[in-house]
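Accompanying notes for the structure given below.
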Amino acid sequence: MTRLLDVKDLKAGYGPVQVLHGIDFHVDDGETVVILGANGAGKTTTLRAICGMIDTSGSVNLEGGELVGSDAADVVRLGVAHVPQGRGTFPELTVEDNLDVGAYTRKDNEVAADKEKWFETYPVLYERRTQTAGSLSGGEQQMLAVARALMARPRLLLLDEPSLGLAPIIVSDLFERFANLNDDGTTLLIVEQNARLALGIADRGYVLESGEISAQGPADQLLNDDSIRKAYLGV
Ligand code: ATP
């Protein structure tokens, strides 16, 4: 498999507070990879570091190109789209305008066609295209946040705790959609506290503890690991 993202000795934090203490992980083209971890382990910080949103050292290599040192807009242009925790849609803008914002880095003439494609994939967004994002339900907003990120035509989609604050039935539906996206060729890196669901659709996983990788392996191996079952699956 082709290596898409290769992260080496990644260190990041906020001013004097170092959160990531030199972590290594990778994502191959076509994979779904999950990073599990408790509150405060550094999951969000990892995605922010990849996206060029915070001061970072080490290496974040995307298909041979170095992302460390690039700003957030460059990272999107280079092929990484980010669905932040709490969705990050623009509540005052309509659904359709949110999708247009997602394409702001593109200069090709297939933006309208892509919008149609995501409206077909997520019909509820088409039904609500003239409504403001803020008027959507939590699950619909998450769908919009994902579709908006996909409008950038990313090589890699980063999802930050997509299950947060959503009812279990909505979350199951969302994760099924993520699995479908991956089947259709989008590579996914998901950080999640809901280990069972995330490992259920992932190829491989990493466990982040206090800013260090404490375990890694194929998803089914992690699902059957006693210490992971105790710590993250409530078994
Ligand atoms: P959560 O599930 O709570 O989001 P997480 O694994 O995503 O957890 P991070 O959000 O990456 O964890 O936070 C890691 C550590 O960094 C925590 O101790 C947190 O308090 C600290 N932190 C996060 N954001 C900031 C910030 N803007 N300034 C200072 N410290 C921060």
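Using only protein heavy atoms and a 1.4 Å probe, report how much of Asp74 is accessible, in Å² to the nearest 10.
Spelled out: Asp74, probe radius 1.4 Å, area about 60 Å².
Can you give the FRET efficiency for Glu127 and Gln221, using 1/(1 + (r/R0)^6), R0 = 41 Å, r = Cβ-Cβ distance, to the nearest 0.05?
It comes out at approximately 0.50.
So, counting K/R as plus one and D/E as minus one, what does the shell of residues with Cβ under 14 Å around Val171 add up to? Intermediate results must be reported in sequence, preceding the final value.
Details: positive: Arg87, Arg177, Arg196; negative: Glu140, Glu161, Asp173, Glu176, Glu192.
Summing Lys/Arg as +1 and Asp/Glu as -1 gives -2.
In the stretch 42-79, whose amide N lies under 17 Å from the spot 7 Å out along Cα-to-Cβ of Asp6? List them in ranges.
Those under the cut-off are 58-68.
Pick from Leu36, Leu62, Leu166: which residue has the top mean-square fluctuation in a GNM of the chain where Cα pairs under 10 Å get a spring?
Residue with maximal mean-square fluctuation among Leu36, Leu62, Leu166: Leu166.
If you take the square roots of the eigenvalues of the alpha-carbon gyration tensor of the stretch 118-235 and sort them as a ≥ b ≥ c, do you get rounded (a/c under 1.5), prolate (a/b over b/c) or oblate?
Because a/c hits 1.5 or more and a/b exceeds b/c, the stretch 118-235 counts as prolate.
The values are calculated or read from the model by the stated rules, or taken from the named source; none is laboratory data. Remember, predicted model here, so these are calculated numbers, not experimental data. Neighbour counts run over all protein chains shown; Cβ positions are idealised from the backbone, glycine included. Just so you know, the surface numbers come from the protein's heavy atoms only, side chains and all, with ligands and any DNA or RNA stripped out. Shrake-Rupley method; radii C 1.70, N 1.55, O 1.52, S 1.80 Å.
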